[in-house]
Amino acid sequence: MPQAETAETMIAAATQYKNFFIKIFLMTETEFLLKAQETFNALQNALEDVGCEADILGHVLDVILPDESHIVINIQAPMQEIWVALKASGKHFRLENDRWTDTRSGQTLEAVLAEALNKVGIRNVTFS
């Protein structure tokens, strides 16, 4: 945040800082849902291209892997997150700099899914 030495520069700096956070961290629910749905559609296409069954029903993307296990991906609009349920864990992703990033590890959604797919023998998946 810029330094402020007078009342005018303090107000300008606070406004700039506030606008930065509003732009970066807050989307309307509609904006969030549009971005999340675009992501779901891209994931569905990529997963089907490598032989997985991927079905979207509302805010849930159910992925059936070749070993009949599931990855369940769902949109959590109130939290503005995408949640992923894997065999051994669950992960929460937030949109940061146009990438869905795990809130704990910092891994991208694509990297986490590629790792899970690799464990069941699916390689070279391309997410667009």
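Values computed for the structure shown
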read-out: Long-range neighbours under 9 Å by Cβ, at least six apart or interchain, first residue touching a residue at least 24 places away in the same chain (Cβ under 8 Å) and within 18 Å of residue 54 (Cβ to Cβ) within the range 86-113, second hydroxyl-bearing (Ser, Thr, Tyr) and in a strand (DSSP E or B); value: 100/108; 109/101
read-out: Residue 56 being under 14 Å from the mean Cα position of the chain (by Cα), assigned to a strand (DSSP E or B) and β-branched (Val, Ile, Thr); value: no
read-out: Of the criteria (1) modelled with pLDDT of 95 or more; (2) loosely packed, with under 14 Cβ neighbours inside 10 Å; (3) on the phi > 0 side of the Ramachandran plot, which one residue 45 fails; value: (3)
read-out: Subset tally (residues that are in contact (Cβ under 8 Å) with a residue 24 or more places away in the chain and under 18 Å from residue 101 (Cα atoms)) for the range 28-83; value: 15
read-out: Members of the range 64-84 found to be under 16 Å from the mean Cα position of the chain (by Cα), in a strand (DSSP E or B) and surrounded by 14 or more Cβ atoms within 10 Å (Cβ to Cβ), listed by number; value: 71, 73, 74, 75, 76, 81, 82, 83, 84
read-out: Filter result (under 19 Å from residue 38 (Cα atoms), modelled with pLDDT of 95 or more and not in a strand (DSSP E or B)) within the range 85-113; value: 109, 110, 111, 112, 113
read-out: Yes/no for residue 30 being surrounded by fewer than 16 Cβ atoms within 10 Å (Cβ to Cβ), of a type in the set (Val, Ile, Thr), over 22 Å from residue 119 (Cα atoms) and modelled with pLDDT of 90 or more; value: yes
read-out: Candidates 95, 113, filtered to the one that is touching a helix residue (DSSP H, G or I) at 6+ places or on another chain (Cβ under 8 Å) and within 20 Å of residue 30 (Cβ to Cβ); value: 95
read-out: The lone exception for residue 19 - which of (1) exposed (fewer than 14 other Cβ atoms within 10 Å of the Cβ); (2) at pLDDT 95 or above; (3) in a helix (DSSP H, G or I); (4) not β-branched (Val, Ile, Thr) it fails; value: (2)
read-out: Subset of the range 114-124 [part of a loop (DSSP other than H, G, I, E, B) and either at pLDDT below 90 or touching a strand residue (DSSP E or B) at 6+ places or on another chain (Cβ under 8 Å) (or both)]; value: 123, 124
read-out: Condition broken by residue 117, with the remaining ones in (1) touching a residue at least 24 places away in the same chain (Cβ under 8 Å); (2) out of contact with any Leu (no Cβ under 9 Å at 6 or more places or on another chain) satisfied; value: (2)
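The values are calculated or read from the model by the stated rules, or taken from the named source; none is laboratory data. This one's a predicted model, so the numbers in the text were calculated from it and none came from an experiment. Here the Cβ is made from the backbone with ideal geometry for all residues, glycine too, and neighbour counts use every protein chain on show.
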